[in-house]
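Data block below; observations after.
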Amino acid sequence: MLGLKRGTVRLEKNHKEWKSLFEIEKQTLLDTLGNLILDIEHVGSTSIPEVPAKPIIDIRLAVSSIEDDYLKQFIELLENLGYHYMHKFPDRHFFAKGPEERRTHHISIVEYGSDSWSDSLLFRDYLIKNEVEREEYTKLKDDLAKKFENDRPSYTREKEKFIENIIKKAKSV
């Protein structure tokens with residue numbers, strides 16, 4: 001089942017349906033946003049076969065600029081699709097879909113070609129191709145999910161070093 005309460009951590013085994021759910025959402029986003037976006041990618045653990053994940057589809061939207069004036073166009077269009085604007089980070093704008101009790105999709109709007117764009121793709125693609133690191137990531141996630149079941153910020157923070165190391169490895173290949 002897709003969806004998770006905001007702030008909590010619950011991992012599910014990876015479902016083949018997640019890819020299909022991404023493709024459906026991707027088409028909806030393309031139909032709605034059209035040429036405002038340069039690319040759309042499925043990222044995060046739901047995009048990596050065999051890796052357990054929070055049942056939330058993570059999406060990266062690549063745009064030419066993440067400046068506030070440019071973003072205003074996106075907020076209304078995405079709100080019409082059930083997304084809520086959550087945060088501005090230095091490198092991205094973050095949206096969540098669904099009520100707080102059951103978030104189903106996350107979108108990060110990033111500049112095309114930025115580290116935020118390329119690093120998420122490098123991480124995903126490296127783990128897809130490398131079984132040993134995929135298994136290490138699975139164990140790490142399982143351990144952290146048990147430890148931080150009701151503390152998603154800590155769960156996320158504790159994965160950062162592993163993610164950074166994988167991105168370095170991917171860049172060196």
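The values are calculated or read from the model by the stated rules, or taken from the named source; none is laboratory data. What you see is a predicted model, and the numbers here were worked out from it, not measured in a lab. So basically every Cβ, Gly included, is an ideal-geometry build from the backbone, and we count neighbours across all protein chains shown.
For segment 62-80, the count of residues that are aromatic (Phe, Trp, Tyr), touching a residue at least 40 places away in the same chain (Cβ under 8 Å) and crowded, with 16+ Cβ neighbours inside 10 Å is nonzero. Would you confirm, using the coordinates I've provided, whether Ile109 is among the aliphatic types (A, V, I, L, M), modelled with pLDDT of 95 or more, in a helix (DSSP H, G or I) and within 16 Å of the chain's Cα centre (by Cα)? No: the conditions fail for Ile109.
Are any residues in segment 20-41 among the charged types (D, E, K, R) and surrounded by 15 or more Cβ atoms within 10 Å (Cβ to Cβ), and if so, which ones? Of everything in segment 20-41, those that are among the charged types (D, E, K, R) and surrounded by 15 or more Cβ atoms within 10 Å (Cβ to Cβ) turn out to be Glu25, Lys26, Glu41. If you go through segment 122-139 and pick out every residue that is assigned to a helix (DSSP H, G or I), more than 21 Å from Tyr155 (Cα to Cα) and among the polar types (S, T, N, Q), you end up with 0. You will find that of Asn130, Asn150, Asn165, the residue that is among the polar types (S, T, N, Q), out of contact with any strand residue (DSSP E or B) (no Cβ under 7 Å at 6 or more places or on another chain) and surrounded by 15 or more Cβ atoms within 10 Å (Cβ to Cβ) is Asn130 and no other.
Here are Ile75, Ile66: which of them is assigned to a loop (DSSP other than H, G, I, E, B), of a type in the set (A, V, I, L, M, F, W, C) and modelled with pLDDT under 95? Going through Ile75, Ile66 in turn, the sole match is Ile66.
Put simply, of Ile66, Ile48, Ile59 the only residue that is under 24 Å from Lys129 (Cβ atoms) and touching a Ser or Thr at 6+ places or on another chain (Cβ under 9 Å) is Ile59. I need the full set of residues from segment 18-57 which are closer than 27 Å to Glu149 by Cα and of a type in the set (Lys, Arg), in order please. If the condition is that a residue be closer than 27 Å to Glu149 by Cα and of a type in the set (Lys, Arg), then Lys19, Lys54 are the ones that fit.
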